[in-house]
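Read through the structure below, which is laid out as structure tokens, and then see the notes.
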Amino acid sequence: MGVFENKFQDNVVVASLDKLLGWARSTSPWFFQFGLACCAIEMMATAASRHDLMRIGMIPRSSPRQADVMIVAGTVTLKMALRVKKLYEQMANPKYVISMGSCATSGGPYWQHGYHVLKGVDLVVPVDVYVPGCPPRPEALIEGLLKLQEKIQSERPLTRKTA
Amino acid sequence: MGIVKGDQMVLNIGPQHPSTHGVLRLKVVTDGEIVSDIEPIIGYLHRCFEKHCENSTYEQVIPFTDRCDYIASMNNNFGYVVAMEKLMEIKVPDRVEYIRIIMAELNRIASHLLALGVYGLDVGAFTPFLYMFRDRERILDIFELTCGARLLYNYMWVGGVSHDLPVGFVETVYGFLDYFEPKLKEYNEILTYNKIFIERTADVGVLPPEVAISYGVSGPNLRGSGVKWDLRKDEPYSIYERFDFDVPVGEGTVGTTGDCWDRFYVRMLEMTESAKILRQALKDLPQDGDVHQAIPKKIRPPKGSIYQRTESPRGDLAYYIISDGTPQPYRLKMRSPAFTALSVLNEISRGWMLSDVIAILGSLDIVLGEIDR
Amino acid sequence: MTDNLEQLIKEAVEKALEGDMDAVNNIEDRVTRSKAKAALVKAKREAAKEETEANPDENSNDSSDSKQDKTTNEHIAELLIQQFPGDINKELSSQEHIQIQSKKWLVISTFLRDDPSCLFDSLQCITGVDLGEESDLEVRYNLHSMTHRHAVEIRISCPRNKAKVPSVESIWRIGDWFERETYDMYGIEFEGHRDLKRILLPEDWEGWPLRKDYEVQETYHGIVVQKVKEGWE
């Protein structure tokens, strides 16, 4: 509620519609658990007891229809790349993608001789936030999620986008 | 796959699914709810590990071995450096040996905690997952204290280790052991002897010992079927013969020998044994010695090949290294225990229902990074 | 003064003989350092001479104890040569492995599994090797016995263009997946395998990746395979 603290009195809420919608949309993104490799273990550790993801409003959902954010955690191989694209297309709008770890960002340590490794998941799906690390610490992933929340907050869904 | 009969259905448990073992695809042919054939399709995480090893130097291979079995990366490193030291005939100082054993056993406890917690999650119990992860975080804190990394360490080098133990390490590990050993009783109360858990796992997915040996299954999966075989005791490497510990085997306590419950319980007991080894190692740890003393300046092993097996938390991990005298390996093959464990899934799941297949898969404790390399 | 220097040189040479050259290289005075290096060369030469003098004694011991010094591989090689003369290549076998011609591999492997003195009931690993640009491919099997606790390594080579080896998946069930992986990486066909197809790479992949002359394909289903380095400096 940081946007609205100490600004009003006596039950009157005045806000721009964009900010209100941004607050509603950004503070409870449900994520699609797409753990592929080592980063998946750090994603599980972020969702577990010590660094609790649920306090930022994120719950793991296994079906793409119920999720807002897809966290691609781990190396994407060419065999898997076609499925990543299919699952991204199955998610309902508005949807966002976080690329977690250096393998999903750009191929990671396997960029040089990896004939079967996709050099970055942004070759198949559009990515919003990149979280570097191998694997990134849970705190780094949480920072990536907070940056995504800022990005969603600053979107203006009601204005018509000039093409 | 064969021809599907008229009343059978082919179901795809796709590469993305909530069970957390990784990207595995199962093509299941079912007759109603009963499974008649399963074909595991792997390769969704094939990251060209062996090709990378042929194009990197021997030191550069070590971070790649970390990332194969990412849950027990100290043990992966351990297997590789034991093989290389045998090939190059290097003798490491005692302090390095003790440090390596301490790290390997701590990682064994961490790996089993994750395997058991996630197994509870597969079967439907959410609380043990949170409890076990809480304790696993304490072990990851110890690793972070030593070498700075939480999950993938690059810690064991050929001839030594990368960082010496920091001040206060021994007290921290003793503190962890004193905290951890009573927790095992707590886990037995919530999960192991829980009636619902026993209903779901006892007598399910029985693995007979001859089938296990023919399929090359090893580690806790083989010990759950009653075969007393542990490489730390039967073909000891490093300084394992100096330690006194038991090898737990499955005895069919609540069901048949070799069912899922036995494999689960063997892992639970192995954590106690690892704690025993840790206490002995901490007591006998030599105080002085340089951990970087025996590290060769340039690794150029003599021409030849070696096949060395070590015991990782999943079973019998082996490296086959062919060297041709240059600083880069000519061929490096990693024989992973989870590869063999997954191949036996078809044999032991026939005739069970679909939800039992998930229970059986969880009890085999596979890691896709190791299978696909 | 000279005593101290000699002591220093002696200690440095001893450390260097064990492998730590820093002790010699860290001596500050140039003259002393060169003296230490010369002493090291002399000490190494003397050590080598001692070894060759000791060797004639060891050789004579060898011939009388030859039976006990033989490795498991050599024992099993002799057993196999008695049973299957003509299929074992004795010149290429060594202390660490047995080289076999490929035609009767299925019969030999059944013998290895069932014979009471061998009892190799577990196939540990199948490795494919590419022996070089112009030479053959090789398949190496590591076998282990749970009852007798011994292990052997068997190697079978096959020409690059017609790489065919009999399959052992009916004998050791794990051979199924190991052979599929070797086929996937090297293109070696295993005759008698019930369903030989790729296991790690997608079905429509072209080429055999672990061969030394492998060229990566440019795109796969429209996705660029190699890393594009545009925009780098």
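The values are calculated or read from the model by the stated rules, or taken from the named source; none is laboratory data. Note that the structure is predicted; figures quoted are calculated from it, not measured. A quick note on method: Cβ atoms are made from the backbone with ideal geometry, for glycine too, and the neighbour counts reach across all protein chains shown.
Please state which of the following conditions B:K283 fails to meet, knowing it meets all the rest: (1) more than 10 Å from chain C (Cβ to nearest Cβ); (2) touching a residue at least 12 places away in the same chain (Cβ under 8 Å).
(2)
Could you tell me how many of the residues in the stretch A:40-64 are surrounded by 20 or more Cβ atoms within 10 Å (Cβ to Cβ) and assigned to a loop (DSSP other than H, G, I, E, B)?
2
From the set of residues in the stretch C:173-219 that are under 20 Å from C:Y141 (Cβ atoms) and touching a residue at least 60 places away in the same chain (Cβ under 8 Å), which is surrounded by the fewest Cβ atoms within 10 Å (Cβ to Cβ)? Steps first, answer last, please.
The initial filter retains those residues of the stretch C:173-219 that are under 20 Å from C:Y141 (Cβ atoms), namely C:173-194, C:196, C:199-200, C:208, C:210-211.
Next cut, touching a residue at least 60 places away in the same chain (Cβ under 8 Å) only: C:188, C:192, C:210-211.
Details: C:I188: 22, C:G192: 13, C:L210: 20, C:R211: 16.
If we take residues in the stretch C:173-219 being under 20 Å from C:Y141 (Cβ atoms) and touching a residue at least 60 places away in the same chain (Cβ under 8 Å), then C:G192 is surrounded by the fewest Cβ atoms within 10 Å (Cβ to Cβ).
Pick out, from the stretch B:1-101, the helices (runs of 4 or more DSSP H) lying fully within it that include 3 or more residues that are touching a Phe, Trp or Tyr at 6+ places or on another chain (Cβ under 6 Å).
Details: elements: B:49-54, B:58-66, B:73-88.
Of the helices (runs of 4 or more DSSP H) lying wholly inside the stretch B:1-101, those with at least 3 residues that are touching a Phe, Trp or Tyr at 6+ places or on another chain (Cβ under 6 Å) span B:73-88.
Would you point out the residue of the stretch A:30-39, among those that are at the interface with chain B (Cβ under 7 Å from one of its Cβ atoms) and crowded, with 24+ Cβ neighbours inside 10 Å, that is nearest to the chain's Cα centre (by Cα)?
That would be A:F34.
Would you confirm whether or not the stretch B:137-153 contains a residue that is at positive phi and either within 13 Å of chain A (Cβ to nearest Cβ) or of a type outside the set (G, A, S) (or both)?
Applying the first criterion (at positive phi) to the stretch B:137-153 yields B:148.
In the following step, the residues that additionally are either within 13 Å of chain A (Cβ to nearest Cβ) or of a type outside the set (G, A, S) (or both) were identified as B:148.
Within the stretch B:137-153, one or more residues are at positive phi and either within 13 Å of chain A (Cβ to nearest Cβ) or of a type outside the set (G, A, S) (or both).
Among the residues that make up the stretch B:301-315, is at least one of them of a type in the set (V, I, T), under 30 Å from B:Y193 (Cα atoms) and under 19 Å from the mean Cα position of the chain (by Cα)?
Applying the first criterion (of a type in the set (V, I, T)) to the stretch B:301-315 yields B:306, B:310.
Subsequent filtering for residues that are under 30 Å from B:Y193 (Cα atoms) retains none.
Checked the stretch B:301-315: no residue is of a type in the set (V, I, T), under 30 Å from B:Y193 (Cα atoms) and under 19 Å from the mean Cα position of the chain (by Cα).
Given (1) under 25 Å from B:I360 (Cα atoms); (2) within 12 Å of chain A (Cβ to nearest Cβ); (3) touching a Lys or Arg at 6+ places or on another chain (Cβ under 9 Å), identify the lone condition not met by B:E50.
(1)
To keep it simple, each residue is scored yes or no on (1) under 24 Å from B:L332 (Cα atoms); (2) surrounded by fewer than 17 Cβ atoms within 10 Å (Cβ to Cβ); (3) outside the structural domain of C:L80 (by TED's automatic domain parsing).
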position	(1), (2), (3)
C:I98	yes, no, no
C:T110	no, yes, no
C:D115	no, yes, no
C:C118	no, no, no
C:I126	yes, no, no
C:D136	yes, yes, no
C:R149	no, yes, no
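Could you check the stretch C:172-194 and list, in sequence order, the residues that are closer than 16 Å to C:S102 by Cα and either part of a loop (DSSP other than H, G, I, E, B) or basic (K, R) (or both)?
Selection gives C:I188, C:G192, C:H193.
Any residue that is crowded, with 17+ Cβ neighbours inside 10 Å, more than 22 Å from C:S145 (Cα to Cα) and of a type in the set (A, V, I, L, M) - is there at least one of those in the stretch B:300-319?
Among the residues of the stretch B:300-319, not one is crowded, with 17+ Cβ neighbours inside 10 Å, more than 22 Å from C:S145 (Cα to Cα) and of a type in the set (A, V, I, L, M), which makes the answer no.
So B:T57 passes all but one of these: (1) hydroxyl-bearing (S, T, Y); (2) modelled with pLDDT of 90 or more; (3) touching a helix residue (DSSP H, G or I) at 6+ places or on another chain (Cβ under 6 Å). Which condition number does it fail?
Answer for B:T57: the failing condition is (3).
What number of residues within the stretch B:177-191 satisfy the criterion of being surrounded by 13 or more Cβ atoms within 10 Å (Cβ to Cβ), hydroxyl-bearing (S, T, Y) and out of contact with any Leu (no Cβ under 9 Å at 6 or more places or on another chain)? Walk me through it before giving the result.
Within the stretch B:177-191, the first condition is being surrounded by 13 or more Cβ atoms within 10 Å (Cβ to Cβ), and the residues that meet it are B:177, B:180-181, B:183-184, B:187-188, B:190-191.
From the residues that got through so far, the ones that are hydroxyl-bearing (S, T, Y) too are B:187.
Next, from what is left, pick out any that are out of contact with any Leu (no Cβ under 9 Å at 6 or more places or on another chain): none.
Matching residues across the stretch B:177-191 total 0.
Return the residues of the stretch B:221-239 that are in a helix (DSSP H, G or I) and either farther than 22 Å from B:V367 by Cβ or touching a Ser or Thr at 6+ places or on another chain (Cβ under 7 Å) (or both); say none if nothing qualifies.
B:L231, B:K233, B:D234
Select from the stretch B:326-373 the residues that are assigned to a loop (DSSP other than H, G, I, E, B) and either within 14 Å of chain C (Cβ to nearest Cβ) or β-branched (V, I, T) (or both) and list them in ascending order.
Just the residues of the stretch B:326-373 that are assigned to a loop (DSSP other than H, G, I, E, B), to begin with: B:326-330, B:336, B:344, B:350-352, B:365-367, B:373.
Answer for the stretch B:326-373, where residues must be assigned to a loop (DSSP other than H, G, I, E, B) and either within 14 Å of chain C (Cβ to nearest Cβ) or β-branched (V, I, T) (or both): B:T326, B:Q328, B:P329, B:Y330, B:S336, B:V344, B:I366, B:V367, B:R373.
In this structure, is B:Y237 in contact with a strand residue (DSSP E or B) (Cβ under 8 Å, 6 or more places away or on another chain), in contact (Cβ under 8 Å) with a residue 12 or more places away in the chain and hydroxyl-bearing (S, T, Y)?
So B:Y237 passes the test.
Can you pull out the residues in the stretch C:205-218 that are charged (D, E, K, R) and under 14 Å from C:Y183 (Cα atoms)?
Across the stretch C:205-218, the qualifying residues are C:E206, C:R211.
Going by the conditions given, is B:H21 modelled with pLDDT under 90 and more than 30 Å from B:Q287 (Cβ to Cβ)? It would help to see each step written out before you state the result.
Details: modelled with pLDDT under 90: yes; more than 30 Å from B:Q287 (Cβ to Cβ): yes.
It is true that B:H21 is modelled with pLDDT under 90 and more than 30 Å from B:Q287 (Cβ to Cβ).
Inspect the stretch C:217-228 for any residue being closer than 22 Å to C:I98 by Cα and either among the β-branched types (V, I, T) or away from chain B (no Cβ under 11 Å) (or both) and give the result as yes or no.
Here is the first cut: in the stretch C:217-228, the residues closer than 22 Å to C:I98 by Cα are none.
Looking through the stretch C:217-228, none of the residues is closer than 22 Å to C:I98 by Cα and either among the β-branched types (V, I, T) or away from chain B (no Cβ under 11 Å) (or both).
For the stretch B:199-207, check the following and say yes or no: at least one residue is in a helix (DSSP H, G or I) and of a type in the set (S, T, N, Q). Break it down into steps so the answer makes sense when it comes.
The first filter runs over the stretch B:199-207 and keeps only residues in a helix (DSSP H, G or I), leaving B:199-201.
When the remaining residues are screened for being of a type in the set (S, T, N, Q), the result is B:201.
Yes, that holds for at least one residue.
Have a look at B:V249, B:V170 and point out the one that is in contact with a helix residue (DSSP H, G or I) (Cβ under 9 Å, 6 or more places away or on another chain), modelled with pLDDT of 90 or more and under 20 Å from B:V344 (Cα atoms).
Just one listed residue meets the conditions, B:V249.
Just to be sure before I move on: is B:S56 within 14 Å of chain A (Cβ to nearest Cβ) and surrounded by fewer than 22 Cβ atoms within 10 Å (Cβ to Cβ) in the structure I sent? Reasoning before the result, please.
Details: within 14 Å of chain A (Cβ to nearest Cβ): yes; surrounded by fewer than 22 Cβ atoms within 10 Å (Cβ to Cβ): yes.
Yes, satisfied.
Table: residues versus (1) small (G, A, S); (2) surrounded by 22 or more Cβ atoms within 10 Å (Cβ to Cβ).
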{"position": "B:V204", "(1), (2)": "no, yes"}
{"position": "B:V211", "(1), (2)": "no, no"}
{"position": "B:Y215", "(1), (2)": "no, yes"}
{"position": "B:L222", "(1), (2)": "no, yes"}
{"position": "B:V247", "(1), (2)": "no, no"}
{"position": "B:V254", "(1), (2)": "no, no"}
{"position": "B:A294", "(1), (2)": "yes, no"}
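Consider B:S19 against the criteria (1) free of Cβ contacts under 8 Å to residues at least 60 places away in the same chain; (2) facing chain A (nearest Cβ under 10 Å); (3) surrounded by fewer than 20 Cβ atoms within 10 Å (Cβ to Cβ); (4) not acidic (D, E): it satisfies all of them except one. Which criterion is unmet?
Unmet for B:S19, out of (1) free of Cβ contacts under 8 Å to residues at least 60 places away in the same chain; (2) facing chain A (nearest Cβ under 10 Å); (3) surrounded by fewer than 20 Cβ atoms within 10 Å (Cβ to Cβ); (4) not acidic (D, E): (1).
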